[in-house]
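One structure is given below, encoded as structure tokens.
The values are calculated or read from the model by the stated rules, or taken from the named source; none is laboratory data. For clarity, every value in this text was computed on a predicted model and none was experimentally measured. All Cβ positions, glycine included, derive from the backbone under ideal geometry; neighbour counts span all protein chains shown.
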Amino acid sequence: MYRLLLLIALCGAGVAQAAGQSVDPSVFRALDTAQMAQKKGDYAAARRALEAASGQAGSLEEALLWRSRGYLAWAEGNNAQAIELLDKVLKSAKLDTELQAAEVLNLARLNLAERRYAQVVSLLAPGQAKADEEVLQMLVQAYQGLGQPTKALPLAERYVQANPQAADSWLQFLVAINADVKRYPAAERWQRQLLARQPNNAQGWRQLAALQQLSGNHAKSLATLRAAYQKGLRFNESELDNLVLLAGAAEQPWQGATLLAGMLDQGLLPLTAAREERLALLWWQARERSQAAQIFRELAERSGSAKHWMNLAQLEMEQARWQAGLDALAKAERAGAERSKVRSWRNWAESELSFEREKRVASAG
């Protein structure tokens with residue numbers, strides 16, 4: 001309903017403007033009749049009035065008829081035809097400056113609705129230096145649609161800096177886009193502004209911790225979670241587990257291991273066998289093999305799992321601890337590990353152990 005009223009108002013403005021420019025009386029009457037019919041919702045009558053009128057090629061009357069037909073098509077939901085007609089109006093250059101600017105804005109709205117992002121940019125970018133909030137929003141959305149977030153960022157930043165009370169949606173956009181282009185410190189800065197507005201929003205604190213984790217600052221991430229916890233805010237276990245998984249997805253196993261270890265030590269997460277195993281695997285991925293081996297040894301002794309003993313055996317061998325690896329392999333075999341795998345690892349360990357003994361004998365001789 002709002003859109004329809006807007007269209008009618010603009011059509012009326014166009015007729016009034018045209019009246020001061022010596023419009024042919026028959027065309028003026030057709031425009032006025034069409035406007036009144038459209039206002040009543042009688043689109044068929046509006047169309048008949050416009051089809052009965054005509055203007056000479058290249059004339060103002062022709063442009064005004066295109067314009068009214070365009071707005072009628074828009075009101076009827078025929079955006080493609082509305083775009084075609086309003087584009088012809090703009091290219092005719094027959095309207096005055098004020099009305100021309102209104103047509104640019106409405107044509108941009110139509111193109112945005114049809115996801116014709118390049119056309120939106122073409123229409124609005126030339127005037128973006130003096131753009132208001134709506135134009136900036138449309139440009140930002142269009143650049144996003146074109147897969148050009150770095151062009152959207154400065155526009156959004158400009159708006160927020162000029163309007164400190166800008167809606168939260170602007171700050172959320174800046175957080176999301178900066179994170180998408182891996183500008184994590186900038187994303188963190190905007191997220192802190194959101195938190196200043198909503199200090200008791202647990203999701204906002206978790207988002208801040210995630211951004212700090214992505215930037216590789218596990219200590220700040222853990223401190224953020226601890227600060228939220230001290231404020232009385234609580235996170236569910238899956239949210240905290242996802243922060244750890246985020247580090248793995250970002251190929252930051254050391255940061256993930258440190259964060260998980262900190263959350264376990266500080267009681268933010270309860271200790272479970274699954275989390276212990278995840279911690280061990282993260283340390284392993286981070287090449288902190290002694291720490292990973294210690295956890296797998298404790299897990300294996302408690303669970304008796306062949307998988308845990310095999311993981312321990314491999315870790316010991318990666319540290320050239322051949323005898324410790326063989327001992328773990330023997331326990332893995334007794335726990336039911338696949339014999340072919342045990343045999344393969346054992347042959348390698350025994351070969352390396354034999355080679356080391358030969359070196360020691362040769363050195364002693």
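One line per residue, one yes/no per condition, for (1) at pLDDT 90 or above; (2) out of contact with any helix residue (DSSP H, G or I) (no Cβ under 8 Å at 6 or more places or on another chain); (3) surrounded by 14 or more Cβ atoms within 10 Å (Cβ to Cβ):
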{"residue": "Ala108", "(1), (2), (3)": "yes, no, yes"}
{"residue": "Gln137", "(1), (2), (3)": "no, yes, yes"}
{"residue": "Leu146", "(1), (2), (3)": "yes, no, yes"}
{"residue": "Pro149", "(1), (2), (3)": "no, no, yes"}
{"residue": "Asp168", "(1), (2), (3)": "yes, no, no"}
{"residue": "Gln172", "(1), (2), (3)": "yes, no, yes"}
{"residue": "Tyr184", "(1), (2), (3)": "yes, no, yes"}
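Restricting attention to segment 71-109, which residues are in contact with a Leu (Cβ under 7 Å, 6 or more places away or on another chain) and within 20 Å of Gln141 (Cα to Cα)?
Those that are in contact with a Leu (Cβ under 7 Å, 6 or more places away or on another chain) and within 20 Å of Gln141 (Cα to Cα): Asn79, Ile83, Ala102, Glu103, Val104, Asn106, Leu107, Ala108.
Exactly one condition in (1) at pLDDT below 90; (2) more than 20 Å from Ile83 (Cβ to Cβ); (3) outside any loop (DSSP other than H, G, I, E, B) is not met by Ala176; state its number.
Among (1) at pLDDT below 90; (2) more than 20 Å from Ile83 (Cβ to Cβ); (3) outside any loop (DSSP other than H, G, I, E, B), the lone unmet condition for Ala176 is (1).
Return yes when Leu110 is part of a helix (DSSP H, G or I) and either in contact with a strand residue (DSSP E or B) (Cβ under 6 Å, 6 or more places away or on another chain) or hydrophobic (A, V, I, L, M, F, W, C) (or both) and no when it is not. Even if it seems obvious, please write down each step before you answer.
Working: part of a helix (DSSP H, G or I): yes; either in contact with a strand residue (DSSP E or B) (Cβ under 6 Å, 6 or more places away or on another chain) or hydrophobic (A, V, I, L, M, F, W, C) (or both): yes.
The answer is yes for Leu110.
How many residues, within segment 249-284, are of a type outside the set (A, V, I, L, M, F, W, C), buried (at least 17 other Cβ atoms within 10 Å of the Cβ) and under 29 Å from the mean Cα position of the chain (by Cα)?
We begin by selecting, within segment 249-284, every residue of a type outside the set (A, V, I, L, M, F, W, C); these are 251-253, 255-256, 258, 262, 265-267, 270, 272, 275-278.
Next, from what is left, pick out any that are buried (at least 17 other Cβ atoms within 10 Å of the Cβ): 252-253, 255-256, 258, 262, 275-278.
Applying the additional criterion that residues be under 29 Å from the mean Cα position of the chain (by Cα) yields 252-253, 255-256, 258, 262, 275, 278.
Qualifying residue count for the region: 8.
Of these, Glu51, Glu62, which one is surrounded by 15 or more Cβ atoms within 10 Å (Cβ to Cβ) and of a type outside the set (A, V, I, L, M, F, W, C)? Talk me through it step by step, then tell me what you get.
Working: Glu51 fails: surrounded by 15 or more Cβ atoms within 10 Å (Cβ to Cβ).
Among Glu51, Glu62, only Glu62 is surrounded by 15 or more Cβ atoms within 10 Å (Cβ to Cβ) and of a type outside the set (A, V, I, L, M, F, W, C).
Within the set of pairs 6 or more residues apart or between chains, which connect a residue that is among the small types (Gly, Ala, Ser) inside segment 87-101 to a residue that is outside any loop (DSSP other than H, G, I, E, B) with Cβ atoms less than 6 Å apart?
Close Cβ pairs satisfying both conditions: Ser92/Ala63.
Does segment 186-199 hold any residues that are buried (at least 18 other Cβ atoms within 10 Å of the Cβ) and among the charged types (D, E, K, R), and which are they?
Glu188
Restricting to segment 306-331, what's the tally of residues that are crowded, with 20+ Cβ neighbours inside 10 Å and among the small types (Gly, Ala, Ser)?
Total meeting the criteria: 3.
Any residue in segment 289-301 that is at pLDDT below 95 and of a type in the set (A, V, I, L, M, F, W, C)?
no
So Lys151 fits all but one of (1) in a helix (DSSP H, G or I); (2) more than 30 Å from Lys182 (Cα to Cα); (3) basic (Lys, Arg); what number is the exception?
(2)
Quick check on my filter: what residues within segment 54-71 are in contact with a helix residue (DSSP H, G or I) (Cβ under 8 Å, 6 or more places away or on another chain) and over 22 Å from Asn106 (Cβ atoms)?
Taking segment 54-71 and keeping what is in contact with a helix residue (DSSP H, G or I) (Cβ under 8 Å, 6 or more places away or on another chain), we get 54-56, 58, 60-71.
Result: Ser54, Gln56, Gly58.
Just the residues that are of a type outside the set (Gly, Ala, Ser) and under 15 Å from the mean Cα position of the chain (by Cα), please, taken from segment 127-150.
Residues of segment 127-150 that are of a type outside the set (Gly, Ala, Ser), as a first pass: 128, 130, 132-141, 143-144, 146, 148-150.
The answer is Val140, Gln141, Tyr143, Gln144, Leu146, Gln148, Pro149, Thr150.
Applying the selection to segment 236-248, what residues are closer than 30 Å to Ala320 by Cα and buried (at least 19 other Cβ atoms within 10 Å of the Cβ)?
Residues satisfying the conditions are Val244, Ala247.
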